[in-house]
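Take a look at the structure set out below.
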Amino acid sequence: MTILDGKKLSQKIRVEVKKEVEELKKEGIIPGLAVILVGDDPASRVYVKMKKDACHDVGIYSVVHEFPETITEKELLSTIDMINENPNIHGLLIQLPLPKHIDTTKILERVSPDKDVDGFHPYNMGRLVEGLDTFAPCTPLGVMEFFKEYNIDLYGKDVCVVGASNIVGKPMWALLVNEMATVDICHIATKDLASHTKRADIVIVGVGKPNLITADMVKDGVIVIDIGINRLPDGKLVGDIDFENVSKKASYITPVPGGVGPMTIAMLLKNTLKAAKKYKEVK
Ligand code: NAD
């Protein structure tokens, strides 16, 4: 059994991004990322700080626009318009979740598709489904990096994706289909989850329920990717997979923490670099 080491791989990617950022700087372009953070959600604050620190490490300029929970939709939209117009900012992400009185879809659709480094704009999502060059969402994109790094061929493989959100499961499905995998996508309404996971060569889970996938639900030699992040009452961080027992049957498996999490941030850096390079082309 091989552990798919997200810490190590993300570090390797960061070094590559840093090199390219230095090259761009020689040409007078400093890649820039703006983050919009609304409210006081502690988890969102932690994520934003991690993103900011990661940008700093690789030489990407970053700025966080913080707003109170009470901000209006109109104010948020005009901030996005201002950032869309700013030539020094190449990537813009809206930290989710937003307060209930704000229409998240409307906000995400206002981000310029050229600066949409989270890949949440329907324009980019549509291009992703069509297999065109785009900004793909960072978490599923990070999962794809594992397959590349560890030479795991997806052609003709049976893959089961558990979780079908717009930011994880659905783009994961598209990325895999584009690599010619046969993809089964499951969600809360799936009748017999085990019947799907059991026949898969690769199981990818992003749900948010500890121990959702147990050893009896996977076949021998399975490749398992755990996207879930759950904080147990004792403070321990776990994924959605019963790691201890599933790892005994798996050929490759990601740990939590140290698996998909660090890859998500590495992909944000990569997408921001890509946005800055695109800007250079059209400038
Ligand atoms: P979400 O709540 O938007 O979606 C959850 C999905 O799981 C839905 O499609 C739902 O139908 C499905 N689901 C719920 N219960 C199920 C069950 N019993 N069986 C099968 N499917 C079920 O969540 P999300 O934003 O997609 O996040 C999912 C998980 O991934 C969370 O734990 C989140 O913290 C984690 N996550 C991790 C990263 C990372 O960087 N590692 C990034 C994003 C999300």
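For the stretch 216-260, the orientation-averaged shadow of the C-alpha convex hull comes to 3.1 nm² (one quarter of the hull surface).
Against the chain, whose longest principal axis comes from its Cα atoms, helix 260-282 is set at around 40 degrees.
For the stretch 1-100, the alpha-carbon radius of gyration amounts to 1.26 times the rule-of-thumb value 2.2 N^0.38 Å expected for a compact globular protein.
Distance distribution P(r), the chain, all Cα-Cα pairs, bin width 10 angstrom from 0: 7, 28, 35, 23, 8, 0 percent.
How do the peptides 221-234, 108-121, 188-201 rank, highest first, by the average count of neighbouring beta carbon atoms within 10 Å per residue?
Taking the mean over residues of other Cβ atoms within 10 Å, the ranking is 108-121, 221-234, 188-201.
Per the helix-only calculation at 222 nm, which mean residue ellipticity applies to the chain, given -39500 (n - 2.57) for every DSSP H run of n ≥ 4 and division by its residues, nearest 500 deg cm²/dmol? Mean residue ellipticity, 222 nm, calculated: -13500 deg cm²/dmol. Working from Cα pairs under 8 Å separated by at least six residues, relative contact order for the stretch 131-283 is 22 percent.
Taking the Cβ-Cβ separation of ALA194 and ASN151 as r and a Förster radius of 41 Å, what is the calculated FRET efficiency to the nearest 0.05?
The pair ALA194/ASN151 has a calculated efficiency of 0.90.
The alpha carbons of the stretch 43-142 stretch over 39, 32, 29 Å along the principal axes, in descending order. With N the number of residues in the stretch 237-283, Rg(Cα) / (2.2 N^0.38 Å) evaluates to 1.79. Expressed as a whole percent, the proportion of Cα-Cα pairs in the stretch 91-193 lying more than 16 Å apart is 61%.
So, counting K/R as plus one and D/E as minus one, what does the shell of residues with Cβ under 10 Å around ASP220 add up to? If you can, show how the numbers build up before the last one.
Numbers: positive: LYS219, LYS248, LYS249; negative: none.
Charge balance near ASP220 sits at +3.
Seen from all directions on average, the stretch 167-283 presents a Cα convex hull projection of 9.1 nm². FRET efficiency for the SER165 to ASN88 pair, using the beta carbon distance and R₀ = 35 Å, is estimated at 0.65.
Between amide H atoms placed 1.01 Å from N, distances below 5 Å from VAL162 occur with CYS186, ILE204, VAL205, GLY206, all of them 5 or more places distant or on a separate chain. Taking H as built 1.01 Å from N, whose amide H comes closer than 5 Å to the amide H of SER62, not counting residues under 5 places away? Amide H to amide H, under 5 Å and 5 or more residues apart or across chains, SER62 pairs with LEU33.
Values quoted throughout were computed directly from the atomic coordinates according to the rules given, and no laboratory measurement underlies them. In this text, all values refer to a predicted model and were calculated from it rather than measured experimentally. Positions of Cβ are generated from backbone atoms using ideal geometry, with glycine treated the same way; all protein chains shown enter the neighbour counts.
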